[in-house]
Amino acid sequence: MHRIRAIVENTFKESLRQRILNLLIIFAILLIVVSIFLEPFAIGESPKILRDFGLAVSSIFGVLIVIIIGSSLIHKDIEKRTIYTVIAKPVKRGEIIVGKFLGLFFLIAVLETGMTIIHQIIIFIYEGAFDPHLLIALPFSLLEVMVLLGILLLFSSFSSSTMASIMGIIFFIIGHGSPDLKLFADQSKVVLLKYIAYVFYYILPNLENFNLRIELVYKLPVHHDQILFSLCYGLIYTILLLYVATIIFEKREFK
Amino acid sequence: MESAIKLEHIYRSFKTHFWQKRKLVLEDINLEVFQGEVFGFLGPNGAGKTTTIKLITGLLKPDSGKISIFGMPRDSLKAKQLIGYLPESPYFYDHLTGYEFLKVHALLGNCKDYEKKVYEQLEKVGLKSAANLQLRKYSRGMLQRIGIAQALITDPELIILDEPLTGLDPIGRKEIKDLILEQKQQGKTIFFSSHILPDAEVICDRIGIIINGKILKVGELKQLLKKGIKTDEISLEDWFVKQVKEKDA
Amino acid sequence: MKRYIYIILLFFLIANLSYRIDLKKSPHRLIGELMYFPSGVAVKALSMGFYAPLADLIWLRFIQYYGEHRMTDAKFELMYHILDILTTLNPYFIHAYTLGALMLTHDAKNPEQSKILLKKGIHSNIKNWRLYFVYGFIHYVFLHKYQTAHRYFKIASTLPEATDMPKRWAAFTLYKKIGDLKSSLALWIDLYNNCKNPEEKNIAEIYIKNIKMKLDLEFLNKKIEEFKNIYHFYPPTIKHLLTYNIIDSIPSEPHGCKYYIKNGKAFSSWQR
Ligand SMILES: Nc1ncnc2c1ncn2[C@@H]1O[C@H](COP(=O)(O)OP(=O)(O)OP(=O)(O)O)[C@@H](O)[C@H]1O
Ligand SMILES: [Mg+2]
């Protein structure tokens, strides 16, 4: 445990030094600007826009950080050869993967929590009351971050950091387009194509499972089973990704 | 005497480009380093020293052959626990302070009382005053020393140093040499590679010479020098140049 | 080997969870998302510049929405809203206007919205003859505003790339009212032959079949009267018309149903 902790702390600090938390200020400014400027367009919808926009932007910020920093987590260490002394210590490769994962994940968790608090405060300023219902979006947004970070680490474990970010973006798009994949599968008349589409639909990460933003903004009912299953889905998917990343990383050499 | 490192029939090749043929870099390396000795691994540029060391520390894997550390397979965590490693021209996390850097490695090396160990090491390599300085502000010599501190922090039985003396001024070299000898006094095994032969001459019990990926000679320093030149007075450097020339001819 | 088994097991678990989550999700979520956007402007602001692909995506979902509701409840409350968002994202999406207007009139029974939609399309695509044609078409066939229809068909016929269809239709509107079933049938068949996408053909087909049925019934009723005049009783079945040599053959029902006679009047079993 202490070995993972050391890597987690190290990764957290390294990433923190890139001044990521400054995004909080940008987030606050964005929200205020948007809520002021969209007001005249919104025609009575501005409370909704403030909510939609706040949730969307905080989620996008998290995803951006995953893709930008997550892709270089392992590569920076290899390119700068800082990983050499780490590999030579009695550390399992899996511990490095998990440590890197948790280190960046915790940082993003701090960031997103900060953004959620700012969001709530701005809602409070405008409406005189908090909207605690929206808080459910936070763990789900973090689940999405988890899965994406797992994907980036998986690709980092064998390909370049550029490749890893591109794959991250592709999986992000696919992951949110999965309802359309299902639609395609449902409607496809070619049986083979239909089954291939279904297999992809069920195997590829379905990031829409973590997207409850609309339901939350409109206070629509969300079945608690859906919440529970989505939670399990995110966790198990992440475990799978990290497991595969570890297997690949164990074979990796440092030339 | 028991062996600390044992390399048996190690082969290793690299592909520079994926369409090119593999280039053999290490060819049938057999080498044994005994417990408690200081072993100098010498050879010209590109001979395969760093490659050999990376194989021992697990950064690379051999194409074939067997590597054991104190009789244990190299990949086992137990074996790794006994190794301290300083890479060639090391780079460390720029933004960490000397203290933080050592702390990470102490924790990775399963040190129980890491705080005490970190300060001990900082003291030992003379970097106590720079403990809270970020590594990017360290000089070349300071980096080399913090690198050695990182290798020694787990109190390893086997210390592997890839060119620990390169890039240091005479005082720096003296300090490192003293450190190596001190470790030897404590019964530790030291395996290091070097170009700087006069320094190696002072501290080595035995040396191994590698040229073009093949071990040319292994043996006690005094005997090798005698055998080669038949007089005690000639330096290792002269002897070495002669050996390389002979080999090329 | 063990590792592969673990990985496969995890994948099965994931697929299973994914399946369970889908069961709990609200089924109309796809289009539901759009419902909550007050306007296309908001969607556009959030689409980060990817207007056209987003419009395409909405189009795909719209088709899905249309098919789903046609099969089930025939409620199309959101139709205009979706089309409005779509055409705000991509104002040059001609299909969304033409087909959308047709669906709004025929399925959602809301010609006013289809007029607004087409006006919006014409605003952005002044030279597109199809938009004028569909505008005229809706006025002619559904609203029976023959003058407006005539005007729009004429405009359409002068625009670049226009086929001779609008010219034909403009001529039609001058001397034939749509109450005349035969000319109406000719128009629909003309439309059917000149459109390419299945949805449009579908709608045309429905009208063609209906008109054909009405024409058949008109014809049969006339023959029934003829029968009565000769034999002084109503034929109890269609077959009687044939056996008494009043007609040469029984017209085939276009929906695949049967014609029959009840109380001296012809009906189609499709009408029930
Ligand atoms: N990653 C690699 N890909 C291809 N060739 C490599 C790689 N690493 C090393 N080599 C080749 O292997 C040979 C040995 O390299 P190595 O670094 O082990 O030499 P060395 O003895 O440490 O040299 P130096 O004294 O300069 O450090 C060289 O010819 C080098 O070109
Ligand atoms: Mg070297």
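The values are calculated or read from the model by the stated rules, or taken from the named source; none is laboratory data. In this text the structure is predicted, and so the values were computed from the model without any measurement. Reconstructed Cβ throughout: ideal geometry from the backbone, glycine too, with neighbour counts over all protein chains shown. To get the accessible areas, we keep the full protein, side chains included, count just its heavy atoms, and leave off ligands, DNA and RNA. Shrake-Rupley method; radii C 1.70, N 1.55, O 1.52, S 1.80 Å.
At a glance:
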| read-out | value |
| --- | --- |
| GNM top mover of A:Gln226, A:Gln120, A:Gln187 - chain A, alpha-carbon springs below 10 Å | A:Gln187 |
| Helix C:2-24 axis, angle to chain C major axis (alpha carbon atoms, nearest 10°) | 50 degrees |
| Backbone HN-Hα couplings from phi across region A:67-72 [Karplus 6.51/-1.76/1.60, Hz, Gly and Pro as x] | 6, 6, 7, x, 5, 9 |
| Cut-off under 5 Å, modelled amide H: who pairs with B:Val38 long-range | B:Ile190, B:Asp205, B:Arg206 |
| Exposed GluC sites (Glu not before Pro) absent - longest run of chain B, DSSP non-H/G/I/E/B, at most 12 other C-beta within 10 Å | B:3-232 |
| DSSP bridge pairs, chain B: antiparallel proportion in percent, nearest 5 | 55 percent |
| For region A:88-131, residues shielded by at least 50 square angstrom of accessible area compared with the chain on its own, probe 1.4 Å | A:Ala88, A:Lys89, A:Pro90 |
| Accessible-area composition of region A:2-251, carbon plus sulfur, in percent [1.4 Å probe] | 76 percent |
| C-alpha center-to-center spacing [region B:71-85, region B:128-180] in angstrom | 22 Å |
| Solvent-accessible area buried by pairing C with A, both sides, nearest 100 square angstrom, 1.4 angstrom probe | 3100 Å² |
| 14 Å beta-carbon shell around C:Asn128, net charge (K/R +1, D/E -1) | +3 |
| Within the protein assembly as shown, percent of DSSP bridges classed antiparallel, to nearest 5 | 60 percent |
| Highest to lowest packing among C:157-163, C:99-105, scored as the average C-beta count within 10 Å | C:99-105, C:157-163 |
| Chain B - Rg over Rh from alpha carbon coordinates, Kirkwood radius | 0.97 |
| For chain C, calculated [θ]222 nm from helices alone, where every DSSP H run of n ≥ 4 adds -39500 (n - 2.57) | -21500 deg cm²/dmol |
| In the B-A interface, the accessible area buried, summed over both sides, Å² (probe 1.4 Å) | 3100 Å² |
| For B:Leu96, residues with placed amide H under 5 Å, excluding near neighbours | B:Leu135 |
| Folded to 0 to 90 degrees: helix C:51-71 orientation relative to chain C principal axis, Cα | 50 degrees |
| Chymotrypsin sites (Phe, Trp or Tyr not before Pro) lying in DSSP loop within region B:5-54, provided at most 15 other Cβ fall within 10 Å | B:Phe18, B:Trp19 |
| Average partner coverage of A:11-17, which counts Cβ from other chains inside 10 Å | 2 |
| Cα shape, chain A, gyration tensor, a/c 1.5 rule | oblate |
| Loop trypsin sites (Lys or Arg not before Pro), region C:188-227, which have at most 13 other Cβ atoms in a 10 Å radius of their Cβ (DSSP) | C:Lys196 |
| Using θ = phi - 60° and Karplus 6.51 cos²θ - 1.76 cosθ + 1.60, couplings along region B:105-116 (whole Hz; Gly, Pro as x) | 6, 5, 5, 5, x, 6, 6, 6, 9, 5, 4, 5 |
| Rounded to whole Hz, the Karplus (6.51, -1.76, 1.60) HN-Hα couplings of region A:19-32, x for glycine and proline | 6, 5, 5, 4, 4, 4, 5, 4, 4, 4, 4, 3, 4, 5 |
| Estimated dipole of chain A in Debye, rounded to 20 [Cβ of Lys and Arg +1, of Asp and Glu -1, Cα centre] | 1120 debye |
| Amide proton proximity set for B:Ile210, modelled H, under 5 Å, gap of 5+ | B:Leu42, B:Gly43, B:Leu216 |
| Whole-Å distance, taken between Cα centres, linking region C:207-230 and region A:9-34 | 78 Å |
| Nearest-ten-degree value, helix A:224-251 long axis tilted from longest Cα axis of chain A | 20 degrees |
| Selected from C:Tyr97, C:Tyr234, C:Tyr152 as most flexible by GNM, with chain C as the system and alpha-carbon contacts under 10 Å | C:Tyr234 |
| Burial order of peptide ranges A:215-224, B:159-168 (average beta-carbon count within 10 Å, highest first) | B:159-168, A:215-224 |
